[in-house]
Amino acid sequence: MDIHTHTLPAPTTLDTARPRARDRRLTRLRRSVLAHRIVFFTVLLCAWELVSRVGPWPDYLMPGPLAVGRALVAGLRNGLFVHGASVSLVRLLIGYGLSLVGGVVLGTLLVRYTALRNTVGTLIVGLQALPSVCWLPLAILWFGLNERAIIFVVVMGSLFSIVLGVRDGIANTPPIFVKAARNLGATGVRLYTEVVLPAAFPTILAGLKQGWAFAWRSLMAAELLYFSLSLGNLLQTGRDLNDAAQVMAVMTLIILVGVTFNQLLFAPLERRVAERWGFGTTRA
């Protein structure tokens, strides 16, 4: 019996050139973005230092970036900023974790049950517009000025954004996906975990990111009133001492923590979503 063998054609020069050209464009784009950021922040810091030196404000009210940098380094060396940041992050993770679990469950239920969507869903839309700091007086009355009150404010600050993100993501899932999955035998929990939630993930991710930002802001507002070593309390201490350099140093640390979490957690997820769904691959 004759065995016929077929050899696959070698990739053409065009096929191999396209990925290389794309990689070169991405490399140039990254370098351009990095260069723009370096120039922007250099100009910003120079302008800030100039304003602090020649402006009408005294040094203790308008310190320059050099003074703020020294305060930041001093706070990190003596351990105050490190300990304060660790305490705040533990509270943030607990509160955001509770919001994440409750938000996913409640958002799914809102889509599943019409009566719940028409009643509780309307209430959640209204509560989402309420600034999270408004929950602080009620939290103190209910729990006292303690850890539970802070966690409560964090949960209430981030929960509703997550609920609405999950609700909108699932509600906007293309019906053809659900019909195809049901034709293949997917029902119940399997339908949601393997089809609906993955399809809704781009919208859900936006809600999770917004909820994280709101949780971070709510935590800082709550910690301003609670006397324990934390980032919010360090802000309040700097104000009590008329030490604007410490206040700005803590603000810088808060920004750095937020940016770090965004780059390590949400930015990779957003890139994967963009690659999976083809977002951002074309330009108008």
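Table for the structure above
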{"item": "Cβ-derived FRET efficiency at R0 35 Å, Arg276 paired with Arg77, nearest 0.05", "result": "0.20"}
{"item": "Dipole magnitude (debye, nearest 20) for the chain, charges at Cβ of Lys, Arg, Asp, Glu", "result": "840 debye"}
{"item": "Simple spin-label estimate for Phe227 and Asp59 in nanometres, 7 Å along Cα-Cβ", "result": "3.1 nm"}
{"item": "Given 14 as the ceiling on other Cβ atoms within 10 Å, longest exposed-site-free region of the chain for chymotrypsin sites (Phe, Trp or Tyr not before Pro) in DSSP loops", "result": "114-226"}
{"item": "Residue-by-residue Karplus 3J(HN,Hα) for region 234-239, coefficients 6.51, -1.76, 1.60, Hz, glycine and proline x", "result": "5, 4, 5, 5, x, 5"}
{"item": "Within the accessible area of the chain (1.4 Å probe), percent carbon and sulfur", "result": "66 percent"}
{"item": "Separation of the Leu89 and Asn172 label points, Cα + 7 Å toward Cβ, nm", "result": "3.3 nm"}
{"item": "Largest-first principal axis extents of the Cα set of region 153-284 (Å)", "result": "67, 35, 22"}
{"item": "Estimated translational D of region 129-211 in µm²/s (Stokes, Kirkwood radius over Cα pairs; 20 °C; 1.002 mPa s)", "result": "146 µm²/s"}
{"item": "Accessible-area ranking of Ser88, Ser132, largest first, probe 1.4 Å", "result": "Ser132, Ser88"}
{"item": "Angle in degrees between helix 147-171 and the longest Cα principal axis of the chain, rounded to the nearest 10", "result": "30 degrees"}
{"item": "Difference of contour (0.36 nm per residue) and Cα-Cα distance, Ala180 to Leu45", "result": "43.0 nm"}
{"item": "Rg/Rh for the chain, where both radii come from Cα atoms and Rh is the Kirkwood radius", "result": "1.10"}
{"item": "Compactness index (Cα Rg / 2.2 N^0.38 Å), region 185-255", "result": "1.80"}
{"item": "Angle between the chain longest axis and helix 65-77 axis [Cα atoms, degrees, rounded to 10]", "result": "80 degrees"}
{"item": "Helix axis angle, 13-54 relative to the chain longest principal axis, alpha carbon, degrees", "result": "10 degrees"}
{"item": "Added length on full extension, which subtracts the Cα-Cα distance from 0.36 nm per residue, Leu138 to Val120", "result": "4.4 nm"}
{"item": "Where the chain is the region considered: accessible area per residue in Å², 1.4 Å probe", "result": "64 Å²"}
{"item": "Residues of region 51-69 with amide N under 15 Å of the 7 Å Cα→Cβ point at Asn242", "result": "57-63"}
{"item": "Distribution of pairwise C-alpha distances over region 89-248, 5 Å bins, in %", "result": "2, 10, 16, 17, 15, 12, 9, 7, 5, 4, 2, 1, 0, 0"}
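The values are calculated or read from the model by the stated rules, or taken from the named source; none is laboratory data. Keep in mind that what you see is a predicted model, and the values were worked out from it rather than measured. A quick note on method: Cβ atoms are made from the backbone with ideal geometry, for glycine too, and the neighbour counts reach across all protein chains shown. These accessible areas exclude ligands, DNA and RNA; they are computed on the full protein's heavy atoms, side chains included. Shrake-Rupley method; radii C 1.70, N 1.55, O 1.52, S 1.80 Å.
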